[in-house]
1. If you take the residues of region 34-67 that are at pLDDT 95 or above and open to solvent by 80 Å² or more (accessible area, probe 1.4 Å), which of them is nearest to Thr147 (Cα to Cα)?
2. Which ones in region 126-184 are without any contact (Cβ under 8 Å) to a residue 60 or more places away in the chain, open to solvent by 60 Å² or more (accessible area, probe 1.4 Å) and under 20 Å from Leu70 (Cβ atoms)?
3. Among the residues of region 71-85, which ones are open to solvent by 30 Å² or more (accessible area, probe 1.4 Å) and modelled with pLDDT under 85?
Amino acid sequence: VIGDFMSGSVGDNTARASGVIASAGGGGKLLQVVQYVKTATSGSTTSTSMTDITDFKLAITPAAEGSKILIDYRISIGSSYGGQVHTQITRDIAGGGFSTLTDFIGDSRGSRTRVTAGTGGLSTATSFPIGQQCLDSPSYSSGDEITYQWQWYTESGSTMYLNRNSANADNYYNDTPISTITLM
């Protein structure tokens, strides 16, 4: 809430009395951060159904049971023919098999595709970053590795590319971006 701020340094009596010190030792700690940065331009698909983005996944082993995991990702995608791009996140816990994170796809509405993130038609001369932040509350046991894998697909007749546009010509106006995953 704006305007609800405590003042005082941690070492003084005001901070102790106001609960700053007590709350600093309570829950809500950030225990671990892992990140994957994909710089390679490898990866493309013409699939019209969800398929894994090659080499675009990341694992984390939570330091405490019951932890939530904040997922932050940005995928730089180019598409031929002004195609549309659709993405979703899947999750595997301790090798049990990947399943779609249905809490992080849109509601069912007619014949529309339910996805985590997507784009409209893309220019063949640009790559476009898409992404989301999602707070996942997986059910797992202590020591379980949790792996997140991204999937994508495109409309019929288009090809999607990771970290490049579809033209991919060696000109100063064509870019070579990165894609990232951060799990906290």
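1. Here the residue is Lys57.
2. Pro129, Ser139
3. Once the filter is applied, which keeps residues that are open to solvent by 30 Å² or more (accessible area, probe 1.4 Å) and modelled with pLDDT under 85, region 71-85 yields Tyr81, Gln84.
Results for (1) in contact with a strand residue (DSSP E or B) (Cβ under 8 Å, 6 or more places away or on another chain); (2) at pLDDT below 90; (3) surrounded by fewer than 16 Cβ atoms within 10 Å (Cβ to Cβ), shown as yes or no for each residue.
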{"position": "Ile69", "(1), (2), (3)": "yes, no, no"}
{"position": "Asp92", "(1), (2), (3)": "yes, no, no"}
{"position": "Gly96", "(1), (2), (3)": "no, no, yes"}
{"position": "Gly106", "(1), (2), (3)": "no, yes, yes"}
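The values are calculated or read from the model by the stated rules, or taken from the named source; none is laboratory data. Everything numeric in this text was worked out from a predicted model, so none of it was measured. Reconstructed Cβ throughout: ideal geometry from the backbone, glycine too, with neighbour counts over all protein chains shown. For the accessible areas, the whole protein counts, side chains as well, though only heavy atoms, and no ligand, DNA or RNA atoms are used. Shrake-Rupley method; radii C 1.70, N 1.55, O 1.52, S 1.80 Å.
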